[in-house]
Amino acid sequence: MIAAAGTGGHIYPGLAIAEYFLEQSHSVSWVGTPKGMENSLVDKQKILFSQISISGVRGKGILPWFNLPFVLLLSTVQSIKILRTEKPNFLILMGGYVGIPMAIASKILGIELIIHEQNAIPGLANKVISNFASQIFCGFRNSLKKAKVIGNPIRKKISKIRNPQQRFKNKTGPLKILILGGSLGASTFNRLLPRILDKFNLSEQISVIHQSGEKHYEELERTYMNLDTNESRDPIWLLGKEKFIYDIEEKYEWADIVIARFGALTISEFMEAGIASILIPFPYAVDNHQYHNGKILEDKKAAFIIEENEVKNKLLGTLLKIDRKKCYQMALNAQKNKSSSNVAQKIYSYCKERFDGK
């Protein structure tokens, strides 16, 4: 059983693990929340899907903290019911608040618990429940104590992306820029980046695909339409606007460089595929974990980090210094540091050894 909820940073690594277990002919179940992205991303034809009622409290004011004991009690009761019904051999927690009641329930019922922490700075939920786990895996060093560093699970379609040598060979035309606001989108990207990119005034030198996030698409539409006050049309350099990118592997193949919000999963995907990037961390991310994730690539000269309050002053200048040759070298540097190979297989092997030894 896998428990992961909320954003793609927790869900996609869980899906990679589920994919591998299913390939080995094992049944997989999933526990999420009523409003998380997992509801649309988990294949319910192959994976039995259940929900519990819980959400994060940090950064949401005082009231959620007062309600937390009652919410935690209810969600723990729900978790116990699910675990008693499904009777999993192992519970794998991918982070997020869904893990806390599930961990408590697994402890009560004696079900073996495994944690995977994706970020360089561990989340609060995983810190709280780490003592319950028989094994902790993590994506990067300096994460949870006593954790085994194995990298982050990557979906197969990301691993199949051609390497930088193949992608950049004989590539011509305008510099191809992919903008990713994260699985939920980034309002700042939608308001600022179109105006900054329009200052190029060189339609033949850049080509852009911009992902807005489901909730921010209309905002993005307005921004691009307002770039040209004489005509209600998109700029000639804009190749496409998308709410959410389901074929991300194709966009990675296409792009020379990606401008991105980024969690640990994005960083791991950039390492796996070899992707040059300009990283703009979310300034209100818990424990500033996005910045710490991004430093892993910046220190290897595979990415530039620009703080959100510096975007207006620094992004255009950074882009003007970048050409395809520079993107190629950054992509090579990113892939030199990949650590995600066979992560799902390593977790599967651990579970199999534990199960066979019982």
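Any read-out appearing in this document is the output of simple, stated calculations on the displayed coordinates, not a laboratory observation. Bear in mind that the values here come from a model prediction, so they are computed numbers and not experimental data. Every residue, glycine among them, receives a Cβ derived from its backbone with ideal geometry; neighbour counts consider all protein chains shown.
Calculate, in nm to one decimal, what Leu63 and Thr85 gain on full extension: separation in residues at 0.36 nm each, minus their alpha carbon distance.
4.6 nm
Counting only C-alpha contacts under 8 Å and six or more residues apart, can you give the relative contact order of region 120-184 as a whole percent?
Working: 35 pairs, mean separation 13.5, N = 65.
Over region 120-184, the number comes to 21 percent.
Okay, helix-only estimate at 222 nm for the chain: each DSSP H run of n ≥ 4 adds -39500 (n - 2.57), divide by all residues, round to 500 deg cm²/dmol; what do you get?
So the helix-based figure for the chain works out to -13000 deg cm²/dmol.
Given charges of +1 on the Cβ of Lys and Arg and -1 on the Cβ of Asp and Glu, with all other atoms neutral, how large is the dipole of region 159-336 about its Cα centre, in debye to the nearest 20? List each step's numbers first, then the result.
Values: 26 positive and 24 negative charges, 139 e Å.
The calculation lands at about 660 debye.
Can you tell me the length gained on complete extension of the stretch Glu310 to Gln329, counting 0.36 nm per residue apart and subtracting the Cα distance? It would help to have the intermediate numbers written out before the result.
Details: separation 19, 0.36 × 19 = 6.84 nm, distance 2.47 nm.
Taking 0.36 nm per residue and subtracting the Cα distance, the gain is 4.4 nm.
Sorted by packing (mean other beta-carbon atoms within 10 Å per residue), highest first, where do 257-263, 93-99 land? If you can, show how the numbers build up before the last one.
On the way: 257-263: 25.4, 93-99: 27.9.
Ranking, from highest mean packing down: 93-99, 257-263.
For the chain, what is the percent of antiparallel DSSP beta bridges, rounded to the nearest 5?
Roughly 0 percent of the beta bridges in the chain run antiparallel, per DSSP.
Which one, Gly274, Asn309, Gly213, projects farthest toward the positive side of the charge dipole computed for region 159-336 from Cβ point charges (K/R +1, D/E -1)?
Gly274
What list of ³J(HN,Hα) values in whole Hz, one per residue of region 74-91 in order, does the Karplus curve 6.51 cos²θ - 1.76 cosθ + 1.60 (θ = phi - 60°) give from phi, with Gly and Pro shown as x?
After applying 6.51 cos²θ - 1.76 cosθ + 1.60, I find 4, 5, 5, 4, 4, 5, 4, 4, 5, 5, 5, 6, 7, 6, x, 6, 9, 10 Hz.
With axes computed from alpha carbons, what is the tilt in degrees of helix 187-198 against the longest principal axis of the chain, rounded to the nearest 10 within 0 to 90?
Helix 187-198 and the main axis of the chain meet at about 20 degrees.
Could you work out how much longer the chain between Lys199 and Gln345 gets when fully extended? Use 0.36 nm per residue separation minus the Cα distance between them, nm to one decimal.
Working: separation 146, 0.36 × 146 = 52.56 nm, distance 4.68 nm.
Taking Lys199 through Gln345 to full extension adds about 47.9 nm, to one decimal.
If you plug each phi of region 11-25 into the Karplus form 6.51 cos²θ - 1.76 cosθ + 1.60 with θ = phi - 60°, what whole-Hz ³J(HN,Hα) values come out, in order, with x for Gly and Pro?
Whole-Hz 3J(HN,Hα) from phi for region 11-25: 6, 4, x, x, 5, 5, 5, 4, 4, 5, 4, 5, 5, 8, 6.
Add +1 for every Lys or Arg and -1 for every Asp or Glu among the other residues with Cβ under 12 Å from the Cβ of Ile177, and state the total.
Here the count lands on +2.
Enter the angle in degrees (range 0 to 90, nearest 10) between the Cα long axis of helix 311-320 and the first principal axis of the Cα atoms of the chain, meaning the one along which they spread out most.
Roughly 70 degrees, rounded to the nearest 10.
What ranking do 270-281, 118-129 get when scored by the average of other Cβ atoms within 10 Å per residue, highest first?
Packing order, densest peptide first, comes out as 270-281, 118-129.
Holding the Cα-Cα limit at 23 Å, pick out from Lys146/Lys346; Lys171/Lys326; Lys44/Lys87; Lys241/Lys301 the pairs that are longer than that.
Lys241/Lys301
Let's see if you can work this out: charge +1 on each Lys and Arg Cβ, -1 on each Asp and Glu Cβ, no other charges. What is the dipole magnitude of the chain about its Cα centre, in debye to the nearest 20? Can you show the working numbers first?
On the way: 48 positive and 33 negative charges, 185 e Å.
Result for the chain is approximately 880 debye, rounded to the nearest 20.
Among DSSP beta bridges whose residues both lie in region 159-336, state the antiparallel percentage, nearest 5.
Approximately 0 percent, going by the DSSP bridge assignments.
Quick one: if the Förster radius is 22 Å, what FRET efficiency do Gln165 and Asp43 give, using the C-beta to C-beta distance and rounding to 0.05?
The calculated FRET efficiency here is 0.05.
With the crude spin-label approximation of a point 7 Å out along Cα→Cβ, what separation in nm comes out for Arg191 versus Lys145?
4.2 nm
List the GluC sites (Glu not before Pro) in region 288-318 that DSSP assigns to loop (not H, G, I, E or B) and whose Cβ has at most 14 other Cβ atoms within 10 Å. Which are they?
Loop-located and lightly packed - Glu307.
Hey, can you rank 246-255, 190-199 by average C-beta count inside 10 Å, highest first?
Most protected by this proxy first, the peptides run 190-199, 246-255.
Could you state the angle between the C-alpha long axis of helix 264-273 and the longest principal axis of the C-alpha atoms of the chain, as a value from 0 to 90 degrees rounded to the nearest 10?
60 degrees
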